[in-house]
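Asker: Got a structure for you, questions after.
The values are calculated or read from the model by the stated rules, or taken from the named source; none is laboratory data. All values reported here derive from a predicted model rather than from experimental measurement. Virtual Cβ from ideal backbone geometry, glycine too; neighbours counted across all protein chains shown.
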Amino acid sequence: MLRSLIANRGLIVALSVREVLGRYRGSIFGLAWSIFQPILMLAVYTFVFGLIFRSRWPGGTGSRAEFALVLFSGLLVFNMFAECLNRAPGIILSNANYVKRVVFPLEILPFVAVAVALFHLFVSFLVWLLFYVIAIGVPSLTVLLFPVTLIPLIFLSLGIAWFFSALGVFVRDTAQITGLCTTVLMFLTPIFYPADAIPARFRPIAGLNPLVPVIEQVRRVLMWHRGIDLQAYLPILILSLVTLWIGYWWFEKTRKGFADVL
């Protein structure tokens, strides 16, 4: 896995740049759309939850801006995972020429999908940071730990991308299944509400959601000015590494059958 990543790092970067630029090619504003979208969504969340619902985050200052920032910090994590999950089933299917006609390192295609999702997460984070400075002030130094909190998310997303990209070749219903799972997962993940709001009898079930500890760690360093909770961080890091290994193993195990199916 690491050998392929290092050997093909230039190709991964080139394909990632092409993917990002190609997504906005032909539009009037071009790459600026990647900035406009998170700005618009943050404004909508502030208006709906702050002015209409008058929501306040428990344990915070009670300001509307704070609620929007807490909510948006959770969406940073979920949106990246959702993008990787939804794109995964079509990664190999949309690059069938690489399978049938060219000797190509197929295992790097999920790398590219995760890299593109990371780019959009980075842009959204810059929007979050700018809004934080305007609404609240200079953030705490704990914001520098934000990349560390994302390591389990990256490993988890990459493992999921490898697994479902291979599964999507053989089971074409995978795309519909992942789309449905993403919608359900959005409401079962504490994005619009704190994890403490989940009834006690359902918390063991909610604990099976790997995004919960990642979101909690992100909010700790971005919003609550605390360091990383290692007791919660290490288990999800280990789980993400296991998922990464299983996903890559499954991809390598099934890749020999891609050409026959396609």
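Asker: Can you tell me how many residues in the stretch 243-262 are hydrophobic (A, V, I, L, M, F, W, C) and over 14 Å from E107 (Cα atoms)?
Answerer: 3
Asker: Across the stretch 98-150, which residue is surrounded by the fewest Cβ atoms within 10 Å (Cβ to Cβ) among those that are small (G, A, S) and assigned to a helix (DSSP H, G or I)?
Answerer: The residue in question is A135.
Asker: Would you point out which residue out of P89, P58 is in a helix (DSSP H, G or I) and not hydrophobic (A, V, I, L, M, F, W, C)?
Answerer: P89
Asker: Test of understanding: among V114, V123, which residue is within 30 Å of Q217 (Cα to Cα), touching a helix residue (DSSP H, G or I) at 6+ places or on another chain (Cβ under 6 Å) and at pLDDT 95 or above?
Answerer: V114
Asker: Turning to a different aspect of this structure: Could you say which residue among A175, A232, A161, A206 is of a type outside the set (K, R) and either closer than 17 Å to P58 by Cβ or touching a Lys or Arg at 6+ places or on another chain (Cβ under 7 Å) (or both)?
Answerer: A206
Asker: I've got another one for you. Restricting the stretch 37-92 to residues that are farther than 22 Å from L145 by Cα, surrounded by 18 or more Cβ atoms within 10 Å (Cβ to Cβ) and among the aliphatic types (A, V, I, L, M), which is nearest to the chain's Cα centre (by Cα)?
Answerer: For the stretch 37-92, the residue satisfying everything is A82.
Asker: Please find, among A161, A166, the residue that is buried (at least 23 other Cβ atoms within 10 Å of the Cβ), in contact (Cβ under 8 Å) with a residue 12 or more places away in the chain, more than 20 Å from M41 (Cβ to Cβ) and under 18 Å from the mean Cα position of the chain (by Cα).
Answerer: A161
Asker: Report whether or not I228 is in a helix (DSSP H, G or I), more than 27 Å from A166 (Cβ to Cβ), aliphatic (A, V, I, L, M) and out of contact with any strand residue (DSSP E or B) (no Cβ under 9 Å at 6 or more places or on another chain).
Answerer: In short, no.
Asker: Return the residue satisfying two criteria in turn: it lies in the stretch 15-36 and is among the small types (G, A, S) and surrounded by 13 or more Cβ atoms within 10 Å (Cβ to Cβ), and of such residues it is modelled with the lowest pLDDT.
Answerer: This residue is S34.
Asker: Another one. Quick one: I154 ticks every box in (1) in a helix (DSSP H, G or I); (2) in contact with a Gly (Cβ under 7 Å, 6 or more places away or on another chain) bar one, so which box is it?
Answerer: All conditions pass for I154, except number (2).
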